[in-house]
1. Which of the residues spanning the stretch A:208-221 are within 14 Å of the chain's Cα centre (by Cα) and within 11 Å of chain B (Cβ to nearest Cβ)?
2. Filter the stretch C:64-82 for residues that are in a loop (DSSP other than H, G, I, E, B), in contact (Cβ under 8 Å) with a residue 40 or more places away in the chain and more than 9 Å from chain B (Cβ to nearest Cβ); which is nearest to the chain's Cα centre (by Cα)?
3. Being away from chain B (no Cβ under 14 Å), more than 30 Å from C:V12 (Cβ to Cβ) and surrounded by 19 or more Cβ atoms within 10 Å (Cβ to Cβ) is true for just one of C:R171, C:R134, C:R163. Which residue is that?
4. Can you tell me which residues in the stretch B:27-56 are within 10 Å of chain C (Cβ to nearest Cβ), surrounded by fewer than 17 Cβ atoms within 10 Å (Cβ to Cβ) and modelled with pLDDT of 75 or more?
5. Could we say that B:L74 is over 19 Å from B:A202 (Cβ atoms), hydrophobic (A, V, I, L, M, F, W, C) and facing chain A (nearest Cβ under 9 Å) here?
6. Conditions: (1) more than 22 Å from the chain's Cα centre (by Cα); (2) farther than 20 Å from C:I165 by Cα. C:D116 meets all but one. Number of the miss?
7. Considering only residues that are of a type outside the set (V, I, T) and farther than 17 Å from C:F207 by Cβ, which ones fall in the stretch C:12-28?
8. Regarding the stretch B:199-208, can at least one residue be identified that is aromatic (F, W, Y), assigned to a helix (DSSP H, G or I) and within 13 Å of chain A (Cβ to nearest Cβ)?
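The values are calculated or read from the model by the stated rules, or taken from the named source; none is laboratory data. Note that the structure is a prediction, hence the values are computed from the model and not measured. Cβ sites come from the backbone with ideal geometry, for glycine too, and all protein chains shown count toward neighbours.
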Amino acid sequence: MKPLLGIGRASLRLLRGAGAYALLLGRLAVAARAMDGRELLRSMSVAGTDVLPLCLLTATLTGAIVVIQTGFYVASYGVTSLLGWGSGYALLREFAPLIAALALSGRVGAGQASDVAGLRAGEQLPALEALGLDVDRALLAPRLWAVLLSVLALTAVADLVALVASLLAGVLLLGVPPGAFLASMQASLRLRDALPGFVKAAFFGLAIGLCSLRAGLSVPADARGIGAAARRSVVSTLAAVLALDMALTGIL
Amino acid sequence: MRDDRPANGEAGDGASGVAEPLRAPLPEAKESAVRTAALPDAEPRPNGAAIALSAVGALLSGRLDREALAEQILELALRSLPIALLCLAFIGVVLEEHAAHEARRAFIGLDQVGPMFFQLTIREFAPAISGIVVAARVGSGIAAEIGWMAQTEQIDALRLLGRDLAADVYGPRLAAGLLASVLAALLGVAAAGFAGGLWAHATAGGHLAAFVSLRLIGARDWLLLAAKAVASGVAVPLAAVHAGLELGGKPDGVARATSAGVVRGTLWVLAADVAIGATLWWLP
Amino acid sequence: MQFLELSDVWAVRGGTTAIRDLTLSVPRGARLGVFGPGGSGKTTLLKLVAGLFRPSRGRLRWEVAPLPGQIGMVFQRDALLDTLTALRNVELPLHGLAPEKAEAVARDALTRVGLDAAAAERHPAQLSGGMRKRAGIARVLAADAPIKLYDEPAAGLDPATEREILDLLGRAHAPVGLTVTASANPGALWARCDPALVLAHGEALAFGEPAEVERRPEVAALFGFERSEDG
């Protein structure tokens, strides 16, 4: 009986959680039509520009990792001509958006959640509400859509940087002639190979934005809550990104 | 320098012995020849190497606080496992989808890509993804906690009371973080392999045995897995302790320490991945 | 040389100058009071004396360098460990004593600051701000280090309790050591210290005997002293 109760309780909690996310998304989609443009730009500079160095670094490392792993196989089967295609394909479709989203869920997710929790702990959100300001339009919707737009833009940058890094790693670490690498990339990669990656990135961005806002809104409004919000946000964005990745890979 | 200083009015200056009203302007700070920007911060910066060495010293000499160690192992190592294994299982399914796609394109049997799938899991995906999850879960936990302790001056108090921070605070977290990383990577291999294999079996009629096959796995693969897991296990908690100590005392310290701990930990995981992968490439 | 000497001490914190060009010396057995508005560098000065911070420039010298455990401090943020009860927090500095002895000393200190046996068993999160402050004071009283530093010891306490606590701290003063008390509000503390240091923007506005310092127009202006308030 006890395990059954546990399963029941867990699924209820899951349903309630999913409902809360859906409600939040709906609310902020409605608020998006009249959101504060300046706050959107400010949030984009936080979620986009400030994260750019981290994103460049992760993309570089990811490009190198993929080429090294592909290299082990290419070398053992002796088909160097496939290296460029293999790493390019894997990067665009799967790894650049995934790794960018994982890195961002740490930086943006934690930052945004603690930011919102801090606004509540400092009683700034209640104060704004008391002034009759629509908090959704003024603060929350801009933060959500800024993350979505930033993740899309950062994925484009990550794609490019990761491809260059994989080329460099292939040439410098594995000793593949750059001409052969580029030719193999050019021959078989189409622009539309990058499309599934962007669809994924859009969903990842939405998940990061929603999870971090919800974490920031649901913790107790005090100093300890700020740390808790950051931790909760990091874990829930991670799980959401990976679950979405699984679902979307099946569909795309 | 500060620019929020109240403007210095004429009224307060040179007044005689009569007390001024309560709201008196503060005297303007003197400009001086000392270039304060060039001076070092009064608060000593934490030193990562010293923290690591003192924790190892505490571990080897048996000074590690047993109670704190048990608590951290439960909180960091055991409670991180569900999310880590869940993520690895997701990745196993995603990888299997890609493998099945490639197998169909190349007209080869699904089961033939199975061993390669498992080899890639051991070499790359299990250590990298578990490392990132550990950086998120363990790194944020440690950084937030140490950051809070720095913010509320608990670290200062312990230092002043002459307590051994390595034995009481850092050591248990570093040890539990290392255990978390190694456990997540090892069990993650199994989680990803079985999830991918079961998925292949359920959706494409593959055989589970092909997807957890050790046929291609050699000493090099296990070495890669072990080296990456240990490197992440050392780097992630250390980066988190360091971020907590460095940023915790500042305004917004807990939040800043938490996100810095996660970000730095993730970067160390990826950097170690590249460095170890490249090193083993060159080894015979 | 004097018991504690600061010469040309500067302290930079996070890009801001918290203490600038501070030179003073304090004899053995002094009860130094540090006054100034918020952000004037009081906490930084206490942490410099405690050895938790190092001067960015200049020197801080002791006649005899204090050994570990010879400095006790009450922190602005209480600095009680979240994971321990009030009683265990007060026992922290007593690790040299036998457990029963340490507990007895800690209980005695808690009683002296007005915390009962029930409060002693609670964790800091379950105590009010004033009670946490008192537990922090009890930790310093229990350890009874010769050098005692108090950062806003009376913050969050009502005036009657404030006087009570300040009297208690006065009795705990070690004539062979040093007591430094920092506060934004001179109030009842002013008459209980000698010498007094008034800080503004990290600089010494005045330093000397309280009766003499409070006659300075800039100090009187800062704190709104009137002649009749001396007590």
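1. Passing the criteria: only A:S212.
2. Let us first name the residues in the stretch C:64-82 that are in a loop (DSSP other than H, G, I, E, B), namely C:64-70, C:75-82.
After this cut, where a residue has to be in contact (Cβ under 8 Å) with a residue 40 or more places away in the chain as well, the list is C:66, C:69-70, C:75-76, C:78-82.
Next, only the ones that are more than 9 Å from chain B (Cβ to nearest Cβ) stay: C:66, C:70.
On the way: C:P66: 17, C:Q70: 14 Å.
Per the criteria, the residue is C:Q70.
3. Numbers: C:R171 fails: surrounded by 19 or more Cβ atoms within 10 Å (Cβ to Cβ); C:R163 fails: surrounded by 19 or more Cβ atoms within 10 Å (Cβ to Cβ).
Going through C:R171, C:R134, C:R163 in turn, the sole match is C:R134.
4. Matches in the stretch B:27-56: B:A38, B:L39, B:P40, B:D41, B:P44.
5. Working: over 19 Å from B:A202 (Cβ atoms): yes; hydrophobic (A, V, I, L, M, F, W, C): yes; facing chain A (nearest Cβ under 9 Å): no.
The answer is no for B:L74.
6. Result: C:D116 fails condition (2) only.
7. Of the stretch C:12-28, the ones of a type outside the set (V, I, T) are C:13-15, C:18, C:20-22, C:24-25, C:27-28.
Result: C:R13, C:G14, C:G15, C:A18, C:R28.
8. Taking the stretch B:199-208 as the starting set, the residues that turn out to be aromatic (F, W, Y) are B:199.
Right, trim to assigned to a helix (DSSP H, G or I) and you get B:199.
From what is left, the residues that are within 13 Å of chain A (Cβ to nearest Cβ) are B:199.
Yes, some residue in the stretch B:199-208 is aromatic (F, W, Y), assigned to a helix (DSSP H, G or I) and within 13 Å of chain A (Cβ to nearest Cβ).
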